[in-house]
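Let me begin by presenting the structure, written as structure tokens, before commenting on it.
The values are calculated or read from the model by the stated rules, or taken from the named source; none is laboratory data. Predicted model only: the values in this text are computed from it and were never measured. Glycine gets a Cβ as well: all are built from the backbone with ideal geometry, and neighbour counts include every protein chain shown.
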Amino acid sequence: MNRSPMLTPTAAAYHGAAAVALRDGRSVAGGVALIGYLLFEALWLCAALAVFGFVVLLIVGRRMERQRRGRLWLIWMLAVAGLFFLQKAVVTEREELRGVFDSLVKAVERKQIDVLAGLLATDYQDSEFDRDELTRWLRAQLADVDISNSRIHRCDVKITGERAEMELAATALVSYQGAPVAYPRGEWTLHWRRTAEGWRVVRIQPRKFEDRAVKALSELRR
């Protein structure tokens, strides 16, 4: 069974945010997005800077007095710690959206249909279902099917004002009446809108399921 490297939804979204920022890097908006990502979202940057500072001071510090080397190391670590606490204190729009997305994934896995319905916008509409129709369809599909071990391999988020578009590639373990039957990979586009209650899904577009292109949710059962 072919499985690509697995990431949690949040970790995958970090990489996706970087990809979007780099892709748009030629524009001013792309540059701002990249800077915002590095300053407020890239937790790995703190570890990278700590290691980088340690290596540099280890090499260059051989020529310095021990006391001076210690002060430089302390200043560097304080800067890294400051960046870490800044990232923890600031919640960006992407992080807020990813938090709602994580709740959506958990609701599917736990078959919490009411919670799932609450994360859909009241005017949800795709090519087949409105909000109430999709809720009924999901309730019927999840009656005998369990979805677990969801892994997000790609999550690119683009936010424009009160709207957002999320491009996903994910795998999950699918079981029927308790027996594992498949570990499919799918590609999706989720359209979001910010409401008074927070980010809500306004449309779900499946793009690919296993090796075939799909355009509607009902095709996932074929």
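Write out, first by first residue and then by second, each pair whose Cβ atoms fall under 6 Å of each other, whose residues are 6+ apart or on separate chains, and whose first residue, in segment 200-222, is polar (S, T, N, Q) while the second is in a strand (DSSP E or B) and surrounded by 12 or more Cβ atoms within 10 Å (Cβ to Cβ).
205/189
Being more than 27 Å from residue 92 (Cβ to Cβ), surrounded by 14 or more Cβ atoms within 10 Å (Cβ to Cβ) and not aliphatic (A, V, I, L, M) is the filter here, so list the residues in segment 141-183 that pass it.
Here is the first cut: in segment 141-183, the residues more than 27 Å from residue 92 (Cβ to Cβ) are 141-149, 173-183.
After this cut, where a residue has to be surrounded by 14 or more Cβ atoms within 10 Å (Cβ to Cβ) as well, the list is 141-142, 145-147, 173-175, 183.
Result: 141, 146, 175, 183.
Here is a list: 154, 222. Which entry is modelled with pLDDT under 95 and in contact with a His (Cβ under 8 Å, 6 or more places away or on another chain)?
Details: 222 fails: in contact with a His (Cβ under 8 Å, 6 or more places away or on another chain).
Exactly one residue qualifies, and that residue is 154.
Taking segment 113-140 as the search range and keeping residues that are assigned to a loop (DSSP other than H, G, I, E, B) and surrounded by 15 or more Cβ atoms within 10 Å (Cβ to Cβ), which one is nearest to the chain's Cα centre (by Cα)?
119
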